[in-house]
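Asker: Below are the structure tokens for one structure; questions will follow.
Computed from the coordinates by the stated procedures, all read-outs in this text should not be read as laboratory data. All figures in this text were calculated on a predicted structure; none of them were measured in a lab. Cβ atoms come from the backbone with ideal geometry, glycine included; neighbour counts cover every protein chain shown.
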Amino acid sequence: MQTIPQSMSASTVGIDDLSVYVPQLYLPIEDLAAARDLSYPKLSKGLGLLQMAIPDTREDAATMAANAVLDLMHKNDLDPNDIGRLYLGTESALDGAKPTATYVLDMLQDHFTDSHGGNCFLNCDVVDLTFACIGGVDALQNSLEWAAAKDGRIGIVVASDEAKYEMNSPGEYTQGAGAVAMIVKQNPRLLAIDPDFGVATRPAHDFFKPNRKVTKRELINEVLDLLPDTSAEDFNVDELLETLSEGLNSSGVLDCNDNDLYLHKATPVFDGPYSNDAYQARIREALQDYRRRSGKKEGELLSDFTHLVFHLPYAFQARRMFSEIFMEELKANGGWVEFILKNELEVPCADDYEDREQYITKCADFLRLVTKSDSYKAFIKERIAPGEWASSRVGNLYAGSVFVSLMSTLEALTRDTKNVEGQSICVFAYGSGSKSKVFGATLQAGWKEVALGFDLELRLDHREAINYATYERLHRGTLKENVAQSDGGSFFLADVHKDRNETEGVRHYGYSSFAGLVTT
């Protein structure tokens, strides 16, 4: 039997601090609702959506991640030479081979060269982890185990994404963007993380971003058909394709050696109802696995944890998805009968229905009544709502969503007069495709001082609202320069090489200080 090193089994490891970066621009959901002829009360009161963070023209997953990490390093006075790894969770990768984390490292290294030397990040391990919205939690778990294995290790985990959907699609109003960075180390000041992670994985196609295959013929025909007063029938496409297929040189997108082309879009293929079902099933299965690994019993969830933190595709997702687990917990801990009587609910009985479909419909109606009960609303207000308010003002951050919810909860707790040191939070992470992870986090002695430095609400208050017309231009990518009036103190995308040679696609970044722009 393999023995676990004493340092790994005895050490407390977790998150020492967190930093967030949210783009300076946001679109009020009320403006989007007006443009799409949607019910704003349904979006705001039904889904909890108020504002949508929008990346500026020269922002991407790398700049947002670098900005979050830079803030984390400055406020903790971290020496770059002491950071052993920088792991990035993202589904907004900028390249099919080169990790986006290398761009983040490049920006940080240039920033710290004068103060710490040109090789200050030379021995820092970097990698991207991708599993839809749970990649950041995968990076966290991996880094926790690495930090626990040896004293003195310091790692940074960052989750950075732009949640972008096609305009006028059912996912458009859930869009958002941003990055969250965290220090992972032993003896953390903020949160000790339970080493037992519950996990549940089942392959699913609820949400994905495929490499779309298209032939040259299909692409040329589509272009010709889009031209005014022109169709593919007016041209000899076969002759053109024969010309393209004869040469060995590759001088363009169409003039390449392949018959088929692969297109990657930032917007996903998704099935909303299916994704909700997968989310609900995976978090329940991961919770069961967490209990198996940790020894916690069914019915103890509501007593063992003071708050519950979730991945939030939209702010009120968790309160809608958790109702069945809530009901199961009450049945297991003996509180179900009291709950039913107090809220005057009538439980459906299968024997009363000859038609099974009718019974299932009645059960669904009953579950909705549970969520509308005063007791469930009180539970939501106390245990889940503290993690919702930031999501309402940012939107979905994909891999960063669950960490924004965590920061939102902790910042809300700083306003509580009760001493919550030693209390535990249960975290429910989810990634389409599909996988969930459930783990516990315990507040440490220095948590409040650290959480007071988040300034999450302050950051959200100091952003610029844009109108719908500007949002549409940013979404389409037709603007060339940043929209935000103040972009001082942040990294930005300077240029992307377009020449079709060995440097095609190379991205260069700069830093915008209050004194002026600096290109790396």
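Asker: Would you compute, from DSSP H runs of 4+ residues alone, the mean residue ellipticity of the chain at 222 nm, taking -39500 (n - 2.57) per run and dividing by the full residue count, rounded to the nearest 500?
Answerer: Calculated from helices alone, the mean residue ellipticity at 222 nm is -11000 deg cm²/dmol.
Asker: On a full-extension model of 0.36 nm per residue, what is the gain between T371 and N501, subtracting their alpha-carbon distance, rounded to one decimal in nm?
Answerer: Full-extension gain reported as 40.9 nm.
Asker: Further question: Per residue of the range 95-103, what does 6.51 cos²θ - 1.76 cosθ + 1.60 with θ = phi - 60° give for ³J(HN,Hα)? Whole Hz please, x for Gly and Pro, Karplus curve as stated.
Answerer: 7, x, 10, 6, x, 4, 4, 5, 5
Asker: Let me ask you something else. FRET efficiency for L241 and E421, Cβ-Cβ distance as r, R0 = 51 Å, nearest 0.05?
Answerer: My answer for the efficiency is 0.15.
Asker: What residues qualify as long-range amide H neighbours of V127, i.e. H under 5 Å apart, gap of 5 or more or another chain, H built at 1.01 Å from N?
Answerer: Result for V127 returns L86, L88.
Asker: Relative to the first principal axis of the alpha-carbon coordinates of the chain, what is the inclination of helix 272-294, with its axis defined by its Cα atoms, in degrees from 0 to 90 and to the nearest 10?
Answerer: Long axis of 272-294 versus the principal axis of the chain: about 50 degrees.
Asker: Which net charge results when you count Lys and Arg as +1 and Asp and Glu as -1 among the other residues whose beta-carbon is under 15 Å from that of P170?
Answerer: My count for the surroundings of P170 gives -2.
Asker: Restricting things to alpha carbons, find the Rg to Rh ratio for the chain using the Kirkwood radius for Rh.
Answerer: 1.00
Asker: Ordered by residue, what ³J(HN,Hα) values in Hz, to whole numbers, does the range 19-28 give under the Karplus form 6.51 cos²θ - 1.76 cosθ + 1.60, where θ = phi - 60° and Gly and Pro are x?
Answerer: 9, 10, 10, 10, x, 6, 10, 8, 10, x
Asker: Also, I was wondering about something else. What is the local net charge at W336, summed over the other residues whose Cβ is closer than 12 Å to its Cβ (Lys, Arg +1; Asp, Glu -1)?
Answerer: With Lys, Arg at +1 and Asp, Glu at -1, the neighbours total -1.
Asker: For every other residue with a beta carbon closer than 11 angstrom to the beta carbon of K448, add +1 if it is Lys or Arg and -1 if Asp or Glu, then tell me the sum.
Answerer: Residues near K448 contribute -2 overall.
Asker: A further question follows. If you plug each phi of the range 344-354 into the Karplus form 6.51 cos²θ - 1.76 cosθ + 1.60 with θ = phi - 60°, what whole-Hz ³J(HN,Hα) values come out, in order, with x for Gly and Pro?
Answerer: With coefficients 6.51, -1.76 and 1.60, one gets 6, 9, 10, 7, x, 10, 4, 5, 7, 10, 6 Hz.
Asker: By per-residue mean of other Cβ atoms within 10 Å, what is the highest-first order of 401-409, 377-385?
Answerer: Result, highest mean Cβ count within 10 Å first: 401-409, 377-385.
Asker: Can you tell me the 0 to 90 degree angle between the C-alpha axis of helix 323-333 and the longest principal axis of the chain, rounded to 10?
Answerer: Taking Cα atoms only, the helix is inclined about 30 degrees.
Asker: Here's a follow-up. Whose amide H sits under 5 Å from the amide H of M52, counting only residues 5 or more places off or on another chain, with H placed in the peptide plane?
Answerer: For M52, whose amide H was placed from the backbone, the distant partners under 5 Å are L27, I29.
Asker: Starting from the Cα-Cα distance between Q288 and K150, subtract it from 0.36 nm times their residue separation and give me the gain in nm to one decimal.
Answerer: Fully extending the segment from Q288 to K150 adds 46.6 nm.
Asker: Oh, and also: Provide the packing ranking of 271-282, 212-223, i.e. peptides ordered by the mean count of other C-beta atoms within 10 Å per residue, highest first.
Answerer: 271-282, 212-223
Asker: Still on this structure, please answer the following. Using alpha carbons only, how many degrees (0 to 90, rounded to 10) separate the axis of helix 61-75 from the longest principal axis of the chain?
Answerer: Between the helix axis and the principal axis of the chain, the angle is about 60 degrees.
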